[in-house]
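A quick write-up on the structure given underneath.
The values are calculated or read from the model by the stated rules, or taken from the named source; none is laboratory data. Just so it is clear, the structure is predicted and the values come from calculations on it, not from any experiment. Using ideal geometry, Cβ is built from the backbone for each residue, glycine included, and neighbour counts are taken over all protein chains shown. Each accessible area value is taken on the protein alone, full model and side chains, heavy atoms only, with ligands, DNA and RNA left out. Shrake-Rupley method; radii C 1.70, N 1.55, O 1.52, S 1.80 Å.
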Amino acid sequence: MTKFLLAVHVLAAIVAIGPVTVAASMFPPAARRALAAPDDARASETVRLLHRICQVYAAVGLAVPVFGFATAGAMGVMGDPWLITSIVLTVLAAGVLLVVVLPRQEVLVEGTGARETTVQLAMFTGVFNLLWATVTILMIVRPGSTTGA
(Lines give C-alpha, C1' and ligand atoms only; values in the text may rest on other atoms or scores of the structure.)
Protein backbone atom coordinates (compact mmCIF):
# COMPACT_ATOMS: atom_id res chain seq x y z
CA MET A 1 0.00 0.00 0.00
CA THR A 2 2.88 2.38 0.78
CA LYS A 3 4.26 2.06 -2.75
CA PHE A 4 0.84 2.80 -4.22
CA LEU A 5 0.39 5.89 -2.03
CA LEU A 6 3.89 7.10 -2.85
CA ALA A 7 3.31 6.58 -6.58
CA VAL A 8 0.03 8.54 -6.48
CA HIS A 9 1.70 11.28 -4.40
CA VAL A 10 4.58 11.65 -6.87
CA LEU A 11 2.28 11.50 -9.92
CA ALA A 12 -0.02 14.11 -8.39
CA ALA A 13 2.97 16.37 -7.76
CA ILE A 14 4.18 16.01 -11.33
CA VAL A 15 0.77 16.38 -12.95
CA ALA A 16 -0.52 19.19 -10.71
CA ILE A 17 2.41 21.23 -9.48
CA GLY A 18 4.40 21.07 -12.73
CA PRO A 19 1.78 22.89 -14.81
CA VAL A 20 1.25 25.53 -12.11
CA THR A 21 4.96 26.34 -11.91
CA VAL A 22 5.33 26.52 -15.69
CA ALA A 23 2.12 28.49 -16.35
CA ALA A 24 2.81 30.87 -13.45
CA SER A 25 6.33 31.47 -14.80
CA MET A 26 4.99 32.14 -18.29
CA PHE A 27 2.31 34.52 -17.03
CA PRO A 28 4.32 37.72 -16.26
CA PRO A 29 5.93 38.00 -19.72
CA ALA A 30 2.60 37.17 -21.37
CA ALA A 31 0.91 39.85 -19.26
CA ARG A 32 3.57 42.39 -20.26
CA ARG A 33 2.90 41.59 -23.92
CA ALA A 34 -0.84 42.00 -23.35
CA LEU A 35 -0.31 45.32 -21.55
CA ALA A 36 1.93 46.56 -24.38
CA ALA A 37 -0.68 45.66 -27.02
CA PRO A 38 -4.15 46.10 -25.47
CA ASP A 39 -5.84 45.47 -28.82
CA ASP A 40 -4.09 42.12 -29.33
CA ALA A 41 -6.82 39.57 -28.62
CA ARG A 42 -4.38 36.67 -28.79
CA ALA A 43 -2.17 38.18 -26.06
CA SER A 44 -5.21 38.64 -23.81
CA GLU A 45 -6.38 35.09 -24.49
CA THR A 46 -2.94 33.74 -23.57
CA VAL A 47 -3.03 35.60 -20.25
CA ARG A 48 -6.52 34.26 -19.47
CA LEU A 49 -5.49 30.72 -20.42
CA LEU A 50 -2.36 30.77 -18.25
CA HIS A 51 -4.38 32.12 -15.32
CA ARG A 52 -7.00 29.40 -15.78
CA ILE A 53 -4.29 26.72 -15.87
CA CYS A 54 -2.89 28.06 -12.58
CA GLN A 55 -6.34 28.05 -10.96
CA VAL A 56 -7.35 24.58 -12.10
CA TYR A 57 -4.05 22.88 -11.35
CA ALA A 58 -3.79 24.63 -7.97
CA ALA A 59 -7.08 22.94 -7.07
CA VAL A 60 -5.88 19.59 -8.44
CA GLY A 61 -2.68 20.13 -6.44
CA LEU A 62 -4.62 19.55 -3.22
CA ALA A 63 -4.15 15.85 -3.95
CA VAL A 64 -0.40 16.23 -3.38
CA PRO A 65 -0.50 16.90 0.38
CA VAL A 66 -3.45 14.52 0.86
CA PHE A 67 -1.50 11.61 -0.58
CA GLY A 68 1.69 12.94 0.99
CA PHE A 69 0.21 12.68 4.48
CA ALA A 70 -1.14 9.22 3.70
CA THR A 71 2.27 8.12 2.44
CA ALA A 72 4.11 9.63 5.42
CA GLY A 73 1.72 7.89 7.79
CA ALA A 74 2.21 4.55 6.06
CA MET A 75 6.01 5.01 6.13
CA GLY A 76 6.01 6.08 9.78
CA VAL A 77 7.90 9.32 9.15
CA MET A 78 5.33 11.87 10.33
CA GLY A 79 7.63 13.27 13.02
CA ASP A 80 10.81 13.40 10.95
CA PRO A 81 12.33 16.90 10.71
CA TRP A 82 12.71 16.75 6.91
CA LEU A 83 9.00 16.01 6.56
CA ILE A 84 7.96 18.74 8.97
CA THR A 85 10.17 21.18 7.05
CA SER A 86 8.58 20.02 3.79
CA ILE A 87 5.10 20.53 5.22
CA VAL A 88 5.94 24.06 6.37
CA LEU A 89 7.45 24.91 2.97
CA THR A 90 4.43 23.42 1.19
CA VAL A 91 2.07 25.55 3.29
CA LEU A 92 4.20 28.61 2.50
CA ALA A 93 4.15 27.78 -1.23
CA ALA A 94 0.38 27.33 -1.18
CA GLY A 95 0.02 30.62 0.68
CA VAL A 96 2.18 32.48 -1.83
CA LEU A 97 0.15 31.00 -4.69
CA LEU A 98 -3.28 31.65 -3.19
CA VAL A 99 -2.65 34.98 -1.47
CA VAL A 100 -0.16 36.67 -3.79
CA VAL A 101 0.26 35.02 -7.21
CA LEU A 102 -3.34 34.22 -8.20
CA PRO A 103 -4.77 37.56 -7.02
CA ARG A 104 -2.12 39.51 -8.95
CA GLN A 105 -2.81 37.39 -12.00
CA GLU A 106 -6.51 38.16 -11.60
CA VAL A 107 -5.79 41.90 -11.53
CA LEU A 108 -3.86 41.57 -14.78
CA VAL A 109 -6.50 39.37 -16.41
CA GLU A 110 -9.11 42.01 -15.59
CA GLY A 111 -6.90 44.59 -17.28
CA THR A 112 -6.47 46.79 -14.20
CA GLY A 113 -2.82 45.98 -13.51
CA ALA A 114 0.30 47.78 -14.66
CA ARG A 115 3.81 46.74 -15.63
CA GLU A 116 4.87 47.04 -11.97
CA THR A 117 2.31 44.34 -11.15
CA THR A 118 4.01 41.97 -13.59
CA VAL A 119 7.40 42.63 -11.96
CA GLN A 120 6.01 41.86 -8.49
CA LEU A 121 4.22 38.83 -9.87
CA ALA A 122 7.42 37.50 -11.44
CA MET A 123 9.21 37.84 -8.10
CA PHE A 124 6.50 36.07 -6.12
CA THR A 125 6.22 33.37 -8.78
CA GLY A 126 9.96 32.81 -8.39
CA VAL A 127 9.52 32.47 -4.63
CA PHE A 128 6.69 29.97 -5.19
CA ASN A 129 8.83 27.93 -7.59
CA LEU A 130 11.85 28.06 -5.25
CA LEU A 131 9.74 26.75 -2.36
CA TRP A 132 8.50 23.83 -4.49
CA ALA A 133 12.01 23.08 -5.71
CA THR A 134 13.20 22.97 -2.09
CA VAL A 135 10.37 20.61 -1.13
CA THR A 136 11.22 18.39 -4.08
CA ILE A 137 14.87 18.25 -3.05
CA LEU A 138 13.89 17.39 0.54
CA MET A 139 11.68 14.59 -0.77
CA ILE A 140 14.50 13.13 -2.85
CA VAL A 141 17.48 13.60 -0.54
CA ARG A 142 15.90 13.21 2.86
CA PRO A 143 17.89 12.44 5.97
CA GLY A 144 17.64 8.77 6.85
CA SER A 145 16.66 7.84 3.33
CA THR A 146 16.65 4.16 2.54
CA THR A 147 17.63 4.85 -1.07
CA GLY A 148 21.29 5.29 -0.21
CA ALA A 149 21.34 8.74 -1.82
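Excluding Val109 itself, what net charge comes from residues whose Cβ is under 14 Å from its Cβ, given Lys and Arg +1 and Asp and Glu -1?
Taking every other residue near Val109 into account, the sum is +2.
Using a 1.4 angstrom probe on the protein heavy atoms only, could you order Val119, Val47 from most to least accessible area?
Accessible-area ranking of Val119, Val47, largest first: Val119, Val47.
Each residue of the range 21-32 in turn: what ³J(HN,Hα) in whole Hz from Karplus with 6.51, -1.76, 1.60 and θ = phi - 60°, glycine and Pro shown as x?
Per-residue couplings from phi come out as 5, 5, 5, 5, 5, 6, 5, x, x, 5, 5, 4 Hz.
Please give the calculated 222 nm ellipticity per residue for the chain, where each DSSP H segment of at least 4 residues contributes -39500 (n - 2.57) and the sum is spread over every residue; nearest 500 deg cm²/dmol?
On the way: 7 runs with 112 residues, N = 149.
Calculated at 222 nm, the ellipticity per residue is -25000 deg cm²/dmol.
Which one of Ala114, Ala30, Leu6 is farthest out on the positive end of the charge dipole of the chain, using unit charges on Cβ (Lys, Arg +1; Asp, Glu -1) and the Cα centre as origin?
The residue sitting farthest along the positive end of the dipole is Leu6.
Nearest 0.05, what FRET efficiency do Ile84 and Glu45 give at R0 = 30 Å with Cβ-Cβ as r?
0.10
Calculate, for Met75 and Leu98, the FRET efficiency according to 1/(1 + (r/R0)^6) with r their C-beta to C-beta distance and R0 30 Å; round to the nearest 0.05.
Using R0 = 30 Å, I get an efficiency of 0.60.
At 1.4 Å probe size, with no ligands or nucleic acids counted, give the accessible surface of Trp82 in Å², nearest ten.
Around 20 Å² of this residue is reachable by solvent.
Put Arg142, Arg42, Arg48 in order of accessible area, largest first, 1.4 Å probe: what do you get?
Per-residue accessible area, sorted high to low, gives Arg42, Arg48, Arg142.
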